[in-house]
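Chemist: Please see the structure below; I have some questions.
The values are calculated or read from the model by the stated rules, or taken from the named source; none is laboratory data. The model shown is predicted, which means the values in this text are computed figures rather than measured ones. Quick reminder, even Gly has a Cβ in these numbers, built from the backbone with ideal geometry, and neighbours come from all protein chains shown. Heads up: the accessible areas ignore ligands, DNA and RNA and are worked out on the full protein's heavy atoms, side chains in. Shrake-Rupley method; radii C 1.70, N 1.55, O 1.52, S 1.80 Å.
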Amino acid sequence: MRLNVNGQAYEADVEPEMPLLWALREFIGLTGTKFGCGIAQCGACTVHLDGEPVRSCTMPVSAAAGKRVVTIEGLSRDSSHPVQKAWLELDVPQCGYCQSGQIMAAAALLAKNPQPTDKDIDEAMTNICRCGTYQRIRAAVHIAAGTGKGGGSIIHMAATGAGADSAGAAADQTTQA
């Protein structure tokens, strides 16, 4: 099987029905793409296939032949992609297991919709995060998009120390109620 992964050609001697995820991890050695559920629900295995986000755990490797596959390793070599920078700025991951898939989904969203609304983000980001970092993920997508909305989130304010007085006052009011 001939594959184009992250701009490089590979020959993989695999069965055509093998999931793309396993060809990437076991035969090509790119382990950034994670196995989560195995039924294309959680999104930990998200990669780009000709620019589209796909769940690689159920996609047969034969479906990727002749197409461009981009994994988290191919998004940028030095974590300089705007989504990766935003993820680092907000310290999005907790356990981090799902984050390569989350980043790939966010990058695909921004490639199609450079100025997404909260609704756009919620509809496009269908990956599951067991740690529940969804607010940070949404804020990071806004930061990567440059919409200015990420900078106004409670998460961002806490990460940068901005607005600590007003956030603390709001927390005090909530506790007193």
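Chemist: Sort out which residues of the range 89-120 are under 11 Å from the mean Cα position of the chain (by Cα) and of a type in the set (S, T, N, Q), and write them in order of number.
Modeler: The answer is Gln99, Ser100, Gln102.
Chemist: Given the criteria modelled with pLDDT of 95 or more, open to solvent by less than 40 Å² (accessible area, probe 1.4 Å) and under 19 Å from Pro93 (Cβ atoms), does Ile143 qualify?
Modeler: The answer is no for Ile143.
Chemist: Looking at Gly74, Gly38, Gly51, Gly43, which is the one that is under 16 Å from Thr126 (Cβ atoms) and open to solvent by less than 40 Å² (accessible area, probe 1.4 Å)? Give the derivation first.
Modeler: Working: Gly74 fails: under 16 Å from Thr126 (Cβ atoms); Gly38 fails: under 16 Å from Thr126 (Cβ atoms); Gly51 fails: under 16 Å from Thr126 (Cβ atoms).
That would be Gly43, the only listed residue that is under 16 Å from Thr126 (Cβ atoms) and open to solvent by less than 40 Å² (accessible area, probe 1.4 Å).
Chemist: Taking the stated definitions as given, is Glu123 in contact with a helix residue (DSSP H, G or I) (Cβ under 7 Å, 6 or more places away or on another chain), at negative phi and among the charged types (D, E, K, R)?
Modeler: On the way: in contact with a helix residue (DSSP H, G or I) (Cβ under 7 Å, 6 or more places away or on another chain): no; at negative phi: yes; among the charged types (D, E, K, R): yes.
For Glu123, the condition - in contact with a helix residue (DSSP H, G or I) (Cβ under 7 Å, 6 or more places away or on another chain), at negative phi and among the charged types (D, E, K, R) - is not met.
Chemist: With open to solvent by less than 20 Å² (accessible area, probe 1.4 Å), assigned to a loop (DSSP other than H, G, I, E, B) and β-branched (Val, Ile, Thr) as the only criterion, which of Thr33, Thr58 stands out?
Modeler: Thr33
Chemist: How many residues are exposed (fewer than 15 other Cβ atoms within 10 Å of the Cβ) and either of a type in the set (Ser, Thr, Tyr) or free of Cβ contacts under 8 Å to residues at least 60 places away in the same chain (or both) if we restrict to the range 86-105?
Modeler: Adding up the residues that qualify gives 4.
Chemist: Residue by residue through the range 113-131, note down the ones that are more than 18 Å from Ala40 (Cβ to Cβ) and either without any contact (Cβ under 8 Å) to a residue 12 or more places away in the chain or touching a strand residue (DSSP E or B) at 6+ places or on another chain (Cβ under 7 Å) (or both).
Modeler: Within the range 113-131, Asn113, Thr117, Lys119, Asp120 qualify.
Chemist: Ok, one more. Give the range 36-55 a look and list any residue that's assigned to a loop (DSSP other than H, G, I, E, B) and either more than 20 Å from the chain's Cα centre (by Cα) or of a type outside the set (A, V, I, L, M) (or both), or say none.
Modeler: Gly36, Cys37, Gly38, Gln41, Cys42, Gly43, Cys45, Asp50, Gly51
Chemist: Quick one: in the range 15-30, of everything that is of a type in the set (D, E, K, R) and in a helix (DSSP H, G or I), which residue is surrounded by the most Cβ atoms within 10 Å (Cβ to Cβ)?
Modeler: In this case the residue turns out to be Arg25.
Chemist: Please go through the range 132-145 and give me each residue that is outside any helix (DSSP H, G or I) and either free of Cβ contacts under 8 Å to residues at least 40 places away in the same chain or of a type in the set (A, V, I, L, M, F, W, C) (or both), ordered by number.
Modeler: The one that is outside any helix (DSSP H, G or I) and either free of Cβ contacts under 8 Å to residues at least 40 places away in the same chain or of a type in the set (A, V, I, L, M, F, W, C) (or both): Gly132.
Chemist: While we're here: What pairs come out if I take residues in the range 50-62 that are acidic (Asp, Glu) and pair them with residues that are open to solvent by 50 Å² or more (accessible area, probe 1.4 Å) whose C-beta lies under 7 Å away, six or more apart or interchain?
Modeler: Asp50/Lys67; Asp50/Arg68
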